[in-house]
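Values quoted throughout were computed directly from the atomic coordinates according to the rules given, and no laboratory measurement underlies them. Since the structure is predicted, the reported quantities are computational estimates derived from the model, not experimental observations. With ideal geometry, Cβ positions are generated from the backbone for all residues, glycine too; neighbour counts draw on all protein chains shown.
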Amino acid sequence: MRTRSVALDLSDEDAPVFVISVAARLAGMHPQTLRTYDRMGLVSPRRARGRGRLYSRRDVARLRLIQRLSQEEGINLPGIDRILQLQAENEQLRALVGELAEEIRRANSRRAPRVFRADGEGSVGLGG
């Protein structure tokens with residue numbers, strides 16, 4: 001039997017590297033809970049060739065957040081879903097604001113600086 005070596009980039013938080021049993025153990029949950037959260041859309045693991053779920057480090061962190069919000073904060077699953085949606089929207093808006101700020105910075109840097117001068121009588125005009 002020949003085994004195939006696969007290099008995993010564990011620094012990539014979105015790399016699908018954990019099977020459901022490992023992800024469940026890392027998140028402190030039962031695998032069936034992960035399946036339920038997947039059906040509800042709270043977490044969306046990638047699918048392996050055999051249709052098995054593969055979770056990333058980001059997925060596991062999200063599962064831990066869901067558990068904390070549920071168990072420690074007493075928030076129900078629809079409430080958690082809404083919180084996660086708002087967080088995602090907030091991240092998108094922050095990225096957009098950053099892009100727009102950069103675009104403004106670039107536009108301002110391309111503009112020629114204006115230099116004003118005042119003559120002895122107090123008249124202001126352009127010039128060096």
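Numerical summary
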quantity	calculated
So SER70, is it of a type in the set (Ser, Thr, Tyr), closer than 23 Å to ASP12 by Cβ and surrounded by 10 or more Cβ atoms within 10 Å (Cβ to Cβ)	no
Selection count, the stretch 36-59, where residues are more than 17 Å from GLN85 (Cα to Cα) and surrounded by 19 or more Cβ atoms within 10 Å (Cβ to Cβ)	3
Where a residue in the stretch 18-36 is over 8 Å from TYR55 (Cβ atoms) and its partner, wherever it lies, is small (Gly, Ala, Ser) and surrounded by fewer than 15 Cβ atoms within 10 Å (Cβ to Cβ), with Cβ under 6 Å and at least six apart	PRO31/SER21
